Amino acid sequence: MGTTSGIIIMAVMAVLFLLITKWKRKMIKETMEQFKEKSNSYTLVIQGCDWGPAINKIIINTDSIADFNEEDMKPSLFTVTADGKKRTVTECYFCDLNGNHLDKAEENDHIALELEVHPLQIHESPFVWNDEHQLNEWKTEYPHSIAHPKLANPITVCNDMFCPQTTAFEDIKTFNRLSACYYAPHTYDDGKKHPLIIWLHGAGEGGHDTELVLLGNKVTALAEEKIQSYFPEGAYVLCVQTPTVWMNHAEPYDIEKDETTDKSSQYTEECMHVIKEFVKKHKAVDPSRIYLGGCSNGGYMTINLLLHYPDYFAAAYPVCEAYNDNWISDTDLEVLKKTPIWFVAAENDTTVNPLEHIVPTTRRLPNAKVSLFKDVRGDDGTEYNGHWSWIYLFNDKCSLIEDKKEQSLWSWLASQTL
């Protein structure tokens, strides 16, 4: 009887194994088909810009590739439209699947079209603003059309999109309501200790998709050479994301609206848990060189965490911070004095009034450093919303002259230690 039962159990297990194997093969096949590049289609490439993300390149996969020669590779011959609006092609060349330049067309090669981008052209962005939730979201459709005399029909099928800058970051599990991603320096396993830069996003980048955090502002700059060069051993970067907004005690923005409400975020402990667990897991992080910063709503959260954990961070860099000076008691002020802080903002910020935030607070903190700009402008002179002072931070434009020597915010930050 026992032998018969054993045979039956083994037979059932064998059938289950075969069914599971068949199901797995089906799922793999469906996944491969889903992400398989289609014929006569395009892939969009996203670039993180001062003003947010923009589609700056299109990679074309066409069956007509053999018909193209060097004379056909002129920007003026390509007509590209997005949402019915014409886009300017600045350069075109043969490339591989990932858009890397090739000298000539070969079998299964592609064509890359580099596009002009501008902060005022909404159709160039993959993001759309959701008024109801007050958050950035990904567009559900990205209708482009690419035409050329050598193409029988315009290419209108989109395969996918990707952002090379965000590939340096990896999502992590937080085991609470928050989301997070991080960048590890290439030298993380060199046996040395590395500083950690923490970034807390603004109100528009809440949710559960960390790419919203990385691209809503040019946060990817934290992992790029210009800023990383201030940290010779290479710095880790940790971005933490709230599902709503940081200024959330019981409901969104009640911290700001109700003067009687506790000014502490409901995410305070969870955010700190993410930070501490990250440091615990990544043994190469130097716990004496952890730097905390964020913009607007994230600037509020920066001050909030400094008040709750005054001995944890080596320095802080709040940008256009939204922690009203009226909320900071004299006792709170003594706590803030424990941490070196470099504030950044613009005088013409109409979203977070500097006269109610950074100006009175820094007057009460005589040792704080301040970069208070008249307005916000890009390197090309483009004037942006006065709230966007994070542009100066990510472009390494925050500096002070002390003892006849100029020091940037990032070099100052790199020198701070507990």
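The values are calculated or read from the model by the stated rules, or taken from the named source; none is laboratory data. All of these numbers come straight from a predicted model, not from anything done at the bench. Quick reminder, even Gly has a Cβ in these numbers, built from the backbone with ideal geometry, and neighbours come from all protein chains shown. Keep in mind that these areas ignore ligands, DNA and RNA; they rest on the heavy atoms of the full protein, side chains included. Shrake-Rupley method; radii C 1.70, N 1.55, O 1.52, S 1.80 Å.
Exactly one residue out of Leu372, Leu418 is in contact (Cβ under 8 Å) with a residue 12 or more places away in the chain, surrounded by fewer than 16 Cβ atoms within 10 Å (Cβ to Cβ) and part of a strand (DSSP E or B): that is Leu372. For the stretch 350-366, the criterion of being of a type in the set (Ser, Thr, Tyr), in contact (Cβ under 8 Å) with a residue 60 or more places away in the chain and closer than 24 Å to Pro119 by Cβ is met by no residue.
For the stretch 34-42, the condition of being in a helix (DSSP H, G or I) and modelled with pLDDT of 85 or more holds for none of the residues. In the stretch 232-257, the residues that are more than 30 Å from Ser415 (Cβ to Cβ) form Cβ pairs under 6 Å with partners that are β-branched (Val, Ile, Thr), at six or more places apart or across chains, as follows: Met247/Ile255; His249/Ile255; His249/Thr261; Pro252/Thr244; Pro252/Val245; Asp254/Thr261; Ile255/Thr261. Quick check on the stretch 355-365. Is at least one of its residues under 23 Å from the mean Cα position of the chain (by Cα), closer than 18 Å to Leu409 by Cβ and of a type in the set (A, V, I, L, M)? No, that holds for no residue.
Residues that are hydroxyl-bearing (Ser, Thr, Tyr) and either touching a Ser or Thr at 6+ places or on another chain (Cβ under 7 Å) or crowded, with 19+ Cβ neighbours inside 10 Å (or both) within the stretch 235-263 comprise Tyr236, Thr242, Thr244, listed in sequence order. Residues satisfying the criterion are present in the stretch 139-161 (criterion: under 29 Å from Tyr267 (Cα atoms) and either surrounded by 13 or more Cβ atoms within 10 Å (Cβ to Cβ) or not basic (Lys, Arg) (or both)). Only one of the numbered conditions (1) in a helix (DSSP H, G or I); (2) surrounded by 22 or more Cβ atoms within 10 Å (Cβ to Cβ) is violated by Val352, and that is (1). Listed by first and then second residue, the pairs linking a residue in the stretch 154-170 that is farther than 13 Å from Leu214 by Cα to a residue that is open to solvent by 50 Å² or more (accessible area, probe 1.4 Å) and outside any strand (DSSP E or B), with Cβ atoms under 8 Å apart and 6 or more places separating them unless they lie on different chains, are Ile155/Asn40; Thr156/Pro143; Val157/Lys38; Val157/Asn40; Cys158/Pro143; Asn159/Glu37; Asn159/Lys38; Asp160/Phe35.
Within the set Gly202, Gly99, the sole residue that is at pLDDT below 95 and not hydrophobic (A, V, I, L, M, F, W, C) turns out to be Gly99. With respect to Asp50, determine if the residue is farther than 11 Å from Ala112 by Cα, charged (D, E, K, R), under 29 Å from the mean Cα position of the chain (by Cα) and open to solvent by 20 Å² or more (accessible area, probe 1.4 Å). Considered against the rule, which asks whether it is farther than 11 Å from Ala112 by Cα, charged (D, E, K, R), under 29 Å from the mean Cα position of the chain (by Cα) and open to solvent by 20 Å² or more (accessible area, probe 1.4 Å), Asp50 comes out as yes. Can you find a residue in the stretch 76-84 that is aromatic (Phe, Trp, Tyr), in contact with a Leu (Cβ under 9 Å, 6 or more places away or on another chain) and farther than 28 Å from Val219 by Cβ? Yes, that holds for at least one residue.
Of the strands (runs of 3 or more DSSP E) lying entirely inside the stretch 67-138, those containing at least 3 residues that are within 16 Å of Leu44 (Cβ to Cβ) are 79-82, 89-95, 110-115. For the stretch 174-211, the set of residues classified as farther than 28 Å from Ala54 by Cα and open to solvent by 30 Å² or more (accessible area, probe 1.4 Å) consists of Phe175, Asn176, Arg177, Thr187, Tyr188, Asp189, Asp190, Gly191, Lys192, Lys193, listed by residue number.
In the stretch 382-418, of all residues being over 13 Å from Val344 (Cα atoms) and basic (Lys, Arg), the one that is farthest from the chain's Cα centre (by Cα) corresponds to Lys404.
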